[in-house]
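Each remark here refers to the structure printed beneath this line.
The values are calculated or read from the model by the stated rules, or taken from the named source; none is laboratory data. The shown structure was predicted, so the numbers you read here are calculated from the model rather than taken from an experiment. As a convention, Cβ positions derive from the backbone with ideal geometry for all residues, glycine included, and neighbour counts pool all protein chains shown.
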Amino acid sequence: MSQTAVADAPVEGAAPPLPSLKQPRLPRWAPFVLALVSAALGSGIGVVAGLDSRIQWGLIAAVLYLGITAVLAGSVEGTRQAKDRLATSAIWVCFLLAVVPLASLLWETAARGVKVLDGYFLTHSMSGVITMEPGGGIYHALIGTLEQVGLATLIAAPIGLLTAIYLVEYGRGRLAKAVTFFVDVMTGIPSIVAGLFILSFWIIILGFGYSGFAGAMALAILMMPIVVRSTEEMLKLVPNELREASLALGVPKWKTILKVVLPTAVGGITTGIMLAVARIAGESAPILLLVFGSAEINNNPFEGAQSSLPYYIYEQWALGNEPSYDRAWAAALVLIAFVMILNLVARGIARWKAPKH
Amino acid sequence: MAKRIDVSGLTAYYGNFRAIDDISMTVEPRSVTAFIGPSGCGKSTFLRTLNRMHEVTAGGRVEGKVMLDDEDLYGPGVDPVSVRRTIGMVFQRPNPFPTMSIYDNVAAGLRLNGEHRKKDLDEVVERSLKGANLWNEVKDRLNRPGSGLSGGQQQRLCIARAIAVEPQVLLMDEPCSALDPISTLAIEDLIGELKSRFTIVIVTHNMQQAARVSDRTAFFNLAEVGAPGKLVEIDDTERIFSNPSVQATEDYISGRFG
């Protein structure tokens, strides 16, 4: 498996030979074989010891893989290479540990979700459906999510964008520090607290009723700091030289920001906003408090109860019978697909708008 | 067109740090004035005070007078934006706007200041690119991104962009330091042509370049690191390089210092 270094015979009277640059190396396929071997060993130990959790099998295999790699590389290739191999394998193991839950979540949702997911499911509400029976759909929840998230974006994106522009381009001194501090604080607000705030302010004090708009305001509170943060980072990435080039042409600062800085960063800014949208699209707590939930289609986000996808999933799951479970899984699949499409769109925009070379 | 710059008693600060101290000089119209001196001696800072770009840097402020013919650039009520429209600038590293095409880069100064008539813009773009000796190389790909050009072409694009707004004075901050010798030659030739229309001030580390392109040369120096930069002398280029009146200049030019 290993090649041996050619030992130079020392010549008498000559200077001591330089250490050879060639060193024994494990073959390229070694990591794959080792991974297979440790996987087999891990399963074997699992079966023999009677462990019924596959997770335990996997963890045993992972530890074995790391150990065998380190020992084998150490004995064949030397310490430095062994450290390198150990670090590389550790990264791979961590990667798998991170990917396995994601993949299994996607797989589980897709497998269970497709059962009732069809055109009827997407275009009908739960109005008049007996929850114990199959049937019904998520149209009302889809409308609710689209409207609430859309309104939240309309509120949060411009405010967030302008805040970030202030912080990067104009902010000096105390006010900027205070704004940064409060943005940080806002990042940490739990969604239920944002919901409670709007509940007490909008519904209890001002006396408005439940509506999609109330939910959208809570979502906007959650979204704003994310937009500010990502936009800030993107604006900081715009080279100062471009601002100076524009200013030196006699272009006023506001126009420089509008026509040079923002277009250069627009890809990243859009991605940031889309990711923030994806983040709030899955919120159920504020919806529960402020939009109330409904089985009927309500196209008006400014009046009356609405539903939304996360709320719908929660509601169906809480009903605790088989047809409702199916509907919950299908709605979850739709929600994941919605978020993924948003992410893909964001990436597309980022690539399309990226400065060309 | 071209105007004279008369600087008197100019001191520039970054916060509390005094970067250049009490500089006075005259920059003649329709000529090339070169600034030479060791790194950190304030040449670039001084250059940036001439079109009020110094104050763009956080903490940058200036004391003293810069007269453009008979107007003080730092006088009350003077709008820095119109100062920069009158005194253009080319930077050390080529910095075309990455989101814009070659055409849009050259038209940027006019367009961002409200000129939108296609016919006028076409004319200015062609004239400026010709003025920057770039027209023949790019006339068939005006709609391609400016960042796709070579470094030397990008720098000439930036010069075209700067002269498109018809400034009185053109400031160049080491315009060739990121370029190869052939592109450098192209820019130097261009400077020679442009000086019939503009007053040109160029900062350079390359003394041969100063000797080749400039009519007058100013030597800047600083007593020690952390001390403000000062103008040692300004004179005809020929005199500075053959028979300078200050010993420090001769030492610097001949490579003997310290």
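The figures follow:
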quantity	calculated
Residue in the stretch A:240-262 that is more than 14 Å from every other protein chain (Cβ to nearest Cβ) and crowded, with 21+ Cβ neighbours inside 10 Å present	no
Filtered residue count, the stretch A:155-185, keeping only those that are away from chain B (no Cβ under 14 Å), loosely packed, with under 15 Cβ neighbours inside 10 Å and without any contact (Cβ under 8 Å) to a residue 24 or more places away in the chain	9
Residue in the stretch A:39-54 that is surrounded by 12 or more Cβ atoms within 10 Å (Cβ to Cβ), polar (S, T, N, Q) and assigned by TED's automatic domain parsing to the domain that holds A:Ala82 present	yes
Close pairs (8 angstrom Cβ cut-off, 6 or more residues apart or separate chains): closer than 12 Å to A:Val345 by Cα in the stretch A:260-284, not in a helix (DSSP H, G or I) anywhere	A:Gly267/A:Ala354
Where a residue in the stretch B:50-76 is among the basic types (Lys, Arg) and its partner, wherever it lies, is not in a strand (DSSP E or B), with Cβ under 6 Å and at least six apart	B:Arg52/B:Pro80; B:Arg52/B:Val83
Filter result for A:Ala350 (within 14 Å of chain B (Cβ to nearest Cβ), surrounded by fewer than 17 Cβ atoms within 10 Å (Cβ to Cβ) and either in contact (Cβ under 8 Å) with a residue 40 or more places away in the chain or closer than 30 Å to B:Ser150 by Cβ (or both))	no
Those residues of the stretch B:43-91 which are at the interface with another protein chain (Cβ under 9 Å from one of its Cβ atoms), under 28 Å from B:Arg156 (Cβ atoms) and among the hydrophobic types (A, V, I, L, M, F, W, C), in sequence order	B:Met53, B:Val56, B:Val81, B:Val83, B:Ile87, B:Met89, B:Val90, B:Phe91
Those residues of the stretch A:263-295 which are among the small types (Gly, Ala, Ser) and either within 14 Å of chain B (Cβ to nearest Cβ) or farther than 25 Å from A:Asn343 by Cβ (or both), in sequence order	A:Ala265, A:Gly267, A:Gly268, A:Gly293, A:Ser294, A:Ala295
Some residue of the stretch B:186-205 being within 16 Å of B:Pro96 (Cβ to Cβ), crowded, with 18+ Cβ neighbours inside 10 Å and either out of contact with any helix residue (DSSP H, G or I) (no Cβ under 7 Å at 6 or more places or on another chain) or β-branched (Val, Ile, Thr) (or both)	yes
Any hit, the stretch B:19-33, residues being without any contact (Cβ under 8 Å) to a residue 24 or more places away in the chain, aliphatic (A, V, I, L, M) and either in a helix (DSSP H, G or I) or buried (at least 16 other Cβ atoms within 10 Å of the Cβ) (or both)	no
Residue match in the stretch A:209-232 (condition: within 26 Å of B:Ala108 (Cα to Cα), facing chain B (nearest Cβ under 9 Å), of a type outside the set (A, V, I, L, M, F, W, C) and surrounded by 20 or more Cβ atoms within 10 Å (Cβ to Cβ))	no
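Table: residues versus (1) at pLDDT 90 or above; (2) within 24 Å of B:Asp251 (Cα to Cα); (3) under 15 Å from the mean Cα position of the chain (by Cα).
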| site | (1), (2), (3) |
| --- | --- |
| B:Phe17 | yes, no, no |
| B:Ser24 | yes, yes, no |
| B:Pro29 | yes, no, yes |
| B:Ser39 | no, yes, no |
